[in-house]
1. Taking A:VAL77 as meeting all but one of (1) of a type outside the set (Gly, Ala, Ser); (2) open to solvent by 20 Å² or more (accessible area, probe 1.4 Å); (3) over 19 Å from the mean Cα position of the chain (by Cα), write down the number of the exception.
2. Going by what's in this entry, would B:GLU312 be described as farther than 23 Å from A:VAL274 by Cα and acidic (Asp, Glu)?
3. Given the structure, is B:VAL311 open to solvent by 40 Å² or more (accessible area, probe 1.4 Å), hydrophobic (A, V, I, L, M, F, W, C) and away from chain A (no Cβ under 11 Å)?
4. Within the set of pairs 6+ apart or on separate chains, which have a first residue in segment A:82-98 that is within 16 Å of A:TYR139 (Cβ to Cβ), a second that is assigned to a helix (DSSP H, G or I) and polar (S, T, N, Q), and C-beta atoms under 6 Å apart?
5. Taking the stated definitions as given, is A:TYR320 within 32 Å of the chain's Cα centre (by Cα) and assigned to a strand (DSSP E or B)?
6. Are any residues in segment B:94-118 within 13 Å of chain A (Cβ to nearest Cβ), at pLDDT 95 or above and in a loop (DSSP other than H, G, I, E, B), and if so, which ones?
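The values are calculated or read from the model by the stated rules, or taken from the named source; none is laboratory data. Note that this is a predicted model, so its numbers are computed, not measured. We place every Cβ from the backbone using ideal geometry, glycine too, and count neighbours over all the protein chains shown. Just so you know, the surface numbers come from the protein's heavy atoms only, side chains and all, with ligands and any DNA or RNA stripped out. Shrake-Rupley method; radii C 1.70, N 1.55, O 1.52, S 1.80 Å.
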Amino acid sequence: MEFTTSQIAHILGGKVEGNADLKVNTLAKIQEGTPNSISFLSNLKYENFLYSTLSGAVIVDHDYLLKDKINTTLIRVDNSYTAFSTLLEEYHKLTTFAKKGVEQPCFAGENLIIGENNYRGAFSYIGNNCKIGNNVKIYSHVYIGDSVEIGDNTIIYAGVKIYSNTKIGNYCTLQSGCVIGSDGFGFAPQPDGTYKTIPQIGNVILENHVDIGANTVIDCATMGSTIIRTGVKLDNLIQIAHNVEVGKNTVIAAQTGVSGSTKIGESCIIAGQVGVVGHIEVAAKTSIGAQSGISKDIFDSGKSYFGSPAVELKQQMRTYSVYRKLPELLKRIEELEEKVLHLPTLQS
Amino acid sequence: MEFTTSQIAHILGGKVEGNADLKVNTLAKIQEGTPNSISFLSNLKYENFLYSTLSGAVIVDHDYLLKDKINTTLIRVDNSYTAFSTLLEEYHKLTTFAKKGVEQPCFAGENLIIGENNYRGAFSYIGNNCKIGNNVKIYSHVYIGDSVEIGDNTIIYAGVKIYSNTKIGNYCTLQSGCVIGSDGFGFAPQPDGTYKTIPQIGNVILENHVDIGANTVIDCATMGSTIIRTGVKLDNLIQIAHNVEVGKNTVIAAQTGVSGSTKIGESCIIAGQVGVVGHIEVAAKTSIGAQSGISKDIFDSGKSYFGSPAVELKQQMRTYSVYRKLPELLKRIEELEEKVLHLPTLQS
Amino acid sequence: MEFTTSQIAHILGGKVEGNADLKVNTLAKIQEGTPNSISFLSNLKYENFLYSTLSGAVIVDHDYLLKDKINTTLIRVDNSYTAFSTLLEEYHKLTTFAKKGVEQPCFAGENLIIGENNYRGAFSYIGNNCKIGNNVKIYSHVYIGDSVEIGDNTIIYAGVKIYSNTKIGNYCTLQSGCVIGSDGFGFAPQPDGTYKTIPQIGNVILENHVDIGANTVIDCATMGSTIIRTGVKLDNLIQIAHNVEVGKNTVIAAQTGVSGSTKIGESCIIAGQVGVVGHIEVAAKTSIGAQSGISKDIFDSGKSYFGSPAVELKQQMRTYSVYRKLPELLKRIEELEEKVLHLPTLQS
């Protein structure tokens, strides 16, 4: 996809200053530009780059005054930051939603109900009795088991694996390699030391606007559903165990794990490499720092936790600030002992 | 799959009380029932749900006395908990082992020796000189390299990748996205600062009744074998490095990593996000708490460890209980210093 | 592949002592040998195994003197360790580079430019406008998006997913299940509590001699490139976020995560399960211990860090050695308090 500067100026309601026929095909930061890219200048901290940029075109504000000669074409708009964001989103839509139609070979089982305007990549697999909405993109090597339901406008990137009976809503995005609905880790210890597998017959529900990162795993429920509520954003390589519920608009960073049957509240912010034990509740609007270990219920909403085991952030910082001085503390104790030792007669 | 309440009563050796022709097709907790599901009541803590449940049928004990009107059909049995477990397993077998035959297109190399009653999903790949037993389920997008051996009754879910020369026993279950036999992480530092790859020519052996979680990785041995013994259960997103051996009936929870050449003993229980360094041995029946770091050999069996670096659990709890009070301890030291300071004459 | 002992002696410039027609087809440690394997004896610690080994042949030094009867054929060379390493590499090349040609079905989009001597496994997928060099091995279930460039001699194992616009250099190795170029985790919080996805339009660049472990994920840049420099070795299940740069010849062990926009210097050694926060720089030649958390810039090169939050290793070890004695320290404080308490008159 290639656009001329005049076409872009038209989209943005702006005005070209320079070469109106210049063709660009990508967006770049002003300091990383190339002749076929368009950049923007909003924060004047980056003003110097305008005079040295390699970008073919730069979006600037109408009222920006040039301080020197430039080698680039300008597109002047009311607000260069907003204009660039608009362009970024348009560009993203064009590239993301360009895929259409059904590539061959691909596989679909019996009784498939599927909407319009979808993409199904070569080697994608859809099991029996599935129901898929409109504008859904199913990339190559996606596996969709039996009786899966998927809403409208959902994008499933290459190699995603979705087990039978999963339900996925509208406007969800699943990155490559994520696994939705694998068997929960449930084993009953037997008297002879072996473990017996507990059948996992539940499913996973992803509501709407849910984003799942690459190689993240969400286990199905033992019975019932593991539920990821509307607006949840999960980063890469996350583990969500059986029967977990993640509340609306909660975001979780990479490599965090949530153990079985735990309920995470709404609008929580959980950093990377956090571990949360099973069978607890984490209150809404809880913030959890990276590498923390949450070992018990958090009942009060809106608080911050840190450490392993995690305690409230402020308390942890106080404790940690003393921890760092432990060698010095030891010395002070030794000095005290020394001093007290030299009071022999008084202790008799 | 749909069954009538009278068919289920027959399977369980029970008696229908209500609609013997009612059809159900799934199992649910009594508090989460739907008209087409069957539930059970065993623990009387949940007794109230019997009178409000939406489940079409509920399994209860023969001697259970109704306290009020009910809107559900009862199936009376000797032990409702045992009966429901039986039903759960039957249901699981029916859904898991339903897949049969060979979907097209699928790929098989030369000299394939394969047993009976198997399933091979579309787009599954089997390399040259493989030997596969009976009742094996190979789902879509499974990759099996050259000279791989797989025993009977093993299930390999969609997208599992198995490198050449891997040996897998009977009754194993591999969840989607797990990788068996990838190259171990071995590099020899060179004088110029680069690293030279050390060829990894060993393999992976999974004995019998081994379960591997989704997106878990087991590297092949440099030479010889990385071995996962009979009855081992590995959760999701686990890292098992080259030449590791995991002992019989050991269970490891999600996101734990075991470094190269380490031997984990039998019947250990290792929680999630644990790290174990390379070239050590962990004694049988060791328990390791979540997020712990095992940095040296554990020689005595049957003990519990916690923390990073991990020490024995009891000791860690004692230490940690003081850690939590560090700010208070600092204050007590300051008070002591203050008091001792006020004894000037005595210290001369 | 099978070789006679005389063929191997010829390759190594050695001399057979025993059966020159013996056929072997694999390599093994001397203590794990089988009749069809060849082993070596260099370190005399393992000398006893020579007299009991099951290996069909053993490589020994020219000047090694037998102490007893042996049941194996010897190949005598100048340096048995070097000879065995040579054999190991030759064996590895033979098995790794044996794959040639195009298995069917496989998929390629429009305008593919591809070199010679490549392998493309069944069910591999190549998008539009890709450019691929010579001697590239693309195994089954590999997904390569649009406009991807791949250099010469690169091996991409089964099930690797490479998003559009990725650039991969020469002599790279990508293990199964790794994901290159997934969307970065970027979301702008909205006033109503929801998050708006920030379009991720950048790409990933892997330079030359880069090794990527199984199920590792490297996100694309928001704009510009996430860059993995020449000679970098990444282990399994690692998370590299958007716009990260990893410097030349840096090695990172399994399950470590690096957050967005962080720059890791050259020749660093980062152990497993480490977390590095976003938007910082880590100086060249930094060593970071397992499970550490790097929460701020590291400016001085060549230092070692440990702990979460990490501080310099020596300092951490000093602090930790006191931490371990905290219960004892508490007791000493209590004793001091007791002693000081018994000086009542002096404190007035």
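1. Evaluating A:VAL77 over (1) of a type outside the set (Gly, Ala, Ser); (2) open to solvent by 20 Å² or more (accessible area, probe 1.4 Å); (3) over 19 Å from the mean Cα position of the chain (by Cα) leaves (2) as the failure.
2. no
3. On the way: open to solvent by 40 Å² or more (accessible area, probe 1.4 Å): no; hydrophobic (A, V, I, L, M, F, W, C): yes; away from chain A (no Cβ under 11 Å): yes.
The answer is no for B:VAL311.
4. Correct list of pairs: empty, since none qualify.
5. no
6. Answer for segment B:94-118, where residues must be within 13 Å of chain A (Cβ to nearest Cβ), at pLDDT 95 or above and in a loop (DSSP other than H, G, I, E, B): B:GLU103, B:GLN104, B:PRO105, B:CYS106.
For every residue, the table says whether it meets (1) in a strand (DSSP E or B); (2) free of Cβ contacts under 8 Å to residues at least 12 places away in the same chain.
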{"site": "B:GLN7", "(1), (2)": "no, yes"}
{"site": "B:ILE11", "(1), (2)": "no, no"}
{"site": "B:VAL16", "(1), (2)": "yes, no"}
{"site": "B:ALA20", "(1), (2)": "no, no"}
{"site": "B:GLN31", "(1), (2)": "no, no"}
{"site": "B:THR34", "(1), (2)": "no, no"}
{"site": "B:SER39", "(1), (2)": "yes, no"}
{"site": "B:SER42", "(1), (2)": "no, no"}
{"site": "B:TYR46", "(1), (2)": "no, no"}
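Residues checked against (1) open to solvent by 20 Å² or more (accessible area, probe 1.4 Å); (2) modelled with pLDDT of 95 or more; (3) within 11 Å of B:GLY14 (Cβ to Cβ):
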{"residue": "B:LYS29", "(1), (2), (3)": "yes, no, no"}
{"residue": "B:GLY56", "(1), (2), (3)": "no, yes, no"}
{"residue": "B:THR72", "(1), (2), (3)": "no, yes, no"}
{"residue": "B:THR86", "(1), (2), (3)": "yes, no, yes"}
